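Everything below concerns the one structure shown next.
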Amino acid sequence: MKMLEELQNHHGKENLVAGADGDRYITFGFIIPSVPVEEEDDGEEKSVAEKSTQKKPEVICIEDEEEESVTEDGEENNADITRQEEDHFDNDDNWSETEEVSTTKSSEQKVLSKLGGKIAKLYENMEISDVCLSVNGEEIMAHKLILYLHSPCLAAMIKQDEWVSSSTKIDIEGFAPLTVQKALEFMYTETIVDVKKLLVDQMMELSRFATMFSISDLKEFINNQIINSVNTSTACELANLSSMYNEEEIHSTALEYITKNLANVKLDDSFAELSGENAKAILRML
């Protein structure tokens with residue numbers, strides 16, 4: 001007590017406070033509250049416990065979500081694999097069908113090619129021919145079957161002639177023998193070997209023959225050849241002939257060529273033979 005009184009006298013009573021256990025502490029001007037250590041530890045332990053208690057559900061939820069996500073991903077992957085397998089089998093089936101169709105077409109083409117080759121041989125050998133085409137006094141032999149296959153008009157003429165007499169002879173008027181011969185060549189072989197050697201008027205007459213006797217494949221073939229043959233020296237003649245035979249596609253092609261290449265076409269002798277009607281059409285196009 002004596003020591004305490006001396007301290008009070010030296011530092012002042014306000015600088016001395018009592019602790020929780022009755023002891024007094026020197027604060028040197030500051031009052032420091034005495035906090036029980038055990039209570040602080042309990043508080044910290046409670047706080048930590050509360051935090052850990054709060055975090056645990058979150059961790060569990062995250063794990064559950066991850067598990068669900070993994071499960072869903074696994075199911076999706078399995079579904080993708082199943083779809084891929086199904087697509088693979090479908091592709092195999094489609095491939096098999098495509099291969100089968102391709103094989104069938106290839107076989108058909110081989111058969112048709114062989115058949116075409118055999119029919120072409122008939123054109124070279126007319127010993128067993130059974131129909132005669134009379135063209136300006138010249139007789140050209142052929143086979144009824146070939147005419148039947150290509151021309152409904154010639155087929156009708158053959159039937160009518162057979163009904164009238166036992167022998168089959170068809171008169172072809174208005175065409176040159178060369179035209180009929182080239183038409184027959186195409187009907188037997190599906191082509192004309194020296195078609196590029198034909199003159200413009202010969203090709204146009206062959207086109208007219210195909211039109212008159214309804215030989216559609218010959219018509220398409222020869223008209224394509226004519227259109228591809230348009231040049232500086234043939235354009236004017238083709239314009240005149242196609243106008244005469246009402247071949248609109250050939251006519252328009254010839255006029256367009258003349259219009260675009262007028263400077264060069266004028267230099268050719270055939271330009272002087274261009275009809276007045278075609279000349280007016282070209283002027284309108286310029």
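Data for the structure
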item: Tabulated pairs, the stretch 242-256, first surrounded by fewer than 20 Cβ atoms within 10 Å (Cβ to Cβ), second basic (Lys, Arg), C-beta under 7 angstrom, 6+ apart or interchain; result: Tyr245/Arg208
item: Odd one out for Asp194 among (1) in contact (Cβ under 8 Å) with a residue 60 or more places away in the chain; (2) of a type outside the set (A, V, I, L, M); (3) within 25 Å of Glu124 (Cβ to Cβ); result: (1)
item: Test: residue in the stretch 236-258 that is part of a loop (DSSP other than H, G, I, E, B), in contact with a Lys or Arg (Cβ under 7 Å, 6 or more places away or on another chain) and under 27 Å from Val195 (Cα atoms); result: yes
item: Filter result for Ser270 (outside any helix (DSSP H, G or I) and farther than 22 Å from Met212 by Cβ); result: no
item: Scan of the stretch 265-283 for residues that are surrounded by 15 or more Cβ atoms within 10 Å (Cβ to Cβ) and of a type outside the set (A, V, I, L, M, F, W, C), ordered by number; result: Asp268, Ser270, Asn278
item: Sole exception among (1) surrounded by 15 or more Cβ atoms within 10 Å (Cβ to Cβ); (2) within 38 Å of the chain's Cα centre (by Cα) for Val180, by number; result: (2)
item: Which listed residue is outside any helix (DSSP H, G or I), in contact (Cβ under 8 Å) with a residue 40 or more places away in the chain and not β-branched (Val, Ile, Thr), from Ser233, Ser207, Ser214; result: Ser214
item: Tally, over the stretch 198-236, of residues that are closer than 15 Å to Cys153 by Cα and of a type in the set (D, E, K, R); result: 3
item: Single residue of Thr98, Thr168, Thr103 found to be modelled with pLDDT under 90 and touching an Asp or Glu at 6+ places or on another chain (Cβ under 6 Å); result: Thr168
item: Condition broken by Ala155, with the remaining ones in (1) exposed (fewer than 13 other Cβ atoms within 10 Å of the Cβ); (2) farther than 30 Å from Ala279 by Cβ satisfied; result: (1)
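The values are calculated or read from the model by the stated rules, or taken from the named source; none is laboratory data. Fair warning: this is a prediction, and the values are worked out from it, not measured in the lab. Cβ coordinates were reconstructed from backbone atoms using ideal geometry, including for glycine residues, and neighbour counts include every protein chain displayed.
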